[in-house]
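Asker: Take a look at this one; I'll ask things after.
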Amino acid sequence: METLFKKKVLIIGATGGIGNELAKLIKSSQADLWLSGRNDLKLGQLASDLGLSSSQIFKADISDPLQVQAMAEWSGNPDIIINLAGIGIIKPLEQLSYEDFNRTIDVNLKGTFNILKSYLPGMKVFKQGLIINLPGVLGKVPMAGAAAYAASKYGLNGMLKSVREELKRTNIRITNLYLGGTDTPFWDQIDLNVQRDKFVLAKEAAKSIWFLCQQPISGVVSEMVLQPFNHQAI
Ligand SMILES: NC(=O)c1ccc[n+]([C@@H]2O[C@H](COP(=O)([O-])OP(=O)(O)OC[C@H]3O[C@@H](n4cnc5c(N)ncnc54)[C@H](OP(=O)(O)O)[C@@H]3O)[C@@H](O)[C@H]2O)c1
């Protein structure tokens, strides 16, 4: 396993259910931890819980390219970026508004594009880096009600695989985690009959990402799948 000691690790979407748990694990590995999210209060609380200074947190909406560029200027070049920022609007097509669809694409797909555009040039200069994304199981397998969400995550899957082709001759690694239902606030606003008590626990999803962060650097872990027992879609 690669050590995370003193590695510069940026978590985007750190204020979410998985992000919170992951931040604790990465901090426990004595990494140089930097956190980003949309919500000032949640970011400030997380930083204070972890004993981080205010200079190690940054508020940015990833759907805005200018805010992502500002985030890249703030953070400099991280060794590892974990992108956990995402939204889930799950509704049947007739209830899905144009705004729902566009917002989902703007955050989940274009937001990740903004991150790649702002951070890959720096990683290319240093010829190293790891970017972990969560296209999720719905980036590979469809589900009723997920037209917008699956469109964003299938798009993400395709975009990341194409970028990986461009990076083949560098030491920059792209790792995709195909995560199934995980019990986080992501599901709080979703009107769907799901068995959250059977979902993957947020802290266990975080452990799998923590594991991915520590994989040997002479090769690339291209993908990992983690799903609940009762819903093994892949
Ligand atoms: N939970 C699941 O079942 C599951 C399964 C597969 C994949 N995933 C993916 O895993 C990732 C993390 O999910 P989670 O379960 O931890 O969800 P969550 O608890 O809802 O957290 C989502 C995170 O994304 C941030 N975010 C949302 N929109 C943003 C924007 N425009 N700009 C910047 N940050 C934004 C949120 O910030 P705020 O705190 O400010 O809102 C929060 O930190 C998401 O990409 C999700 O699609 C989740």
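Asker: Tell me the label-point distance for the pair E204, I190, using the 7 Å Cα-to-Cβ offset, in nm and rounded to one decimal.
Answerer: Distance between the two pseudo-spin positions: 1.7 nm.
Asker: Turning to a different aspect of this structure: First measure r as the distance between the Cβ atoms of L41 and Q232, then evaluate 1/(1 + (r/R0)^6) with R0 = 45 Å and state the FRET efficiency to the nearest 0.05.
Answerer: 0.75
Asker: When every alpha-carbon pair in the range 1-108 is counted, what percent end up more than 24 Å apart?
Answerer: It works out to 28 percent of all Cα pairs.
Asker: Rank-order 153-161, 210-218, 75-83 by packing density, defined as the average count of other C-beta atoms within 10 Å over each peptide's residues, highest first.
Answerer: Result, highest mean Cβ count within 10 Å first: 75-83, 153-161, 210-218.
Asker: Run lengths n ≥ 4 of DSSP H only: what is the helix-derived mean residue ellipticity at 222 nm for the chain, with -39500 (n - 2.57) per run over all residues, to the nearest 500?
Answerer: Per the formula, -12000 deg cm²/dmol.
Asker: For the chain, what relative contact order do you get, as a whole percent, if you take Cα pairs closer than 8 Å and at least 6 residues apart?
Answerer: 22 percent
Asker: Any idea what angle helix 65-75 forms with the longest principal axis of the chain, computed on alpha-carbon atoms, 0 to 90 degrees, nearest 10?
Answerer: Relative to the chain, helix 65-75 is tipped by roughly 40 degrees.
Asker: On to the next question. Compute the Rg/Rh shape ratio of the chain: radius of gyration over Kirkwood radius, all on alpha-carbon atoms.
Answerer: Radius of gyration over Kirkwood radius for the chain works out to 0.94.
Asker: With charges set only on the Cβ (+1 for Lys and Arg, -1 for Asp and Glu), what does the dipole of the range 108-234 come to about its Cα centre, in debye to the nearest 20?
Answerer: The calculated dipole for the range 108-234 is roughly 600 debye.
Asker: Hey, another quick one. Give me the extension gain from L66 to S48: residue separation times 0.36 nm, minus the current Cα-Cα distance, reported in nm with one decimal.
Answerer: Working it through step by step, the gained length comes to 3.8 nm.
Asker: If you don't mind, there's one more thing I want to ask. Determine, for each peptide in 40-51, 84-95, the mean count of other beta carbons within 10 angstrom over its residues, then list the peptides with the highest first.
Answerer: Highest to lowest by the protection proxy: 84-95, 40-51.
Every number here is computed from the coordinates shown, using simple stated rules; none is lab data. Just so it is clear, the model here is predicted, and its values are computed rather than measured. Don't worry about glycine lacking a Cβ; one is built from the backbone with ideal geometry, like all the others, and counts go over all protein chains shown.
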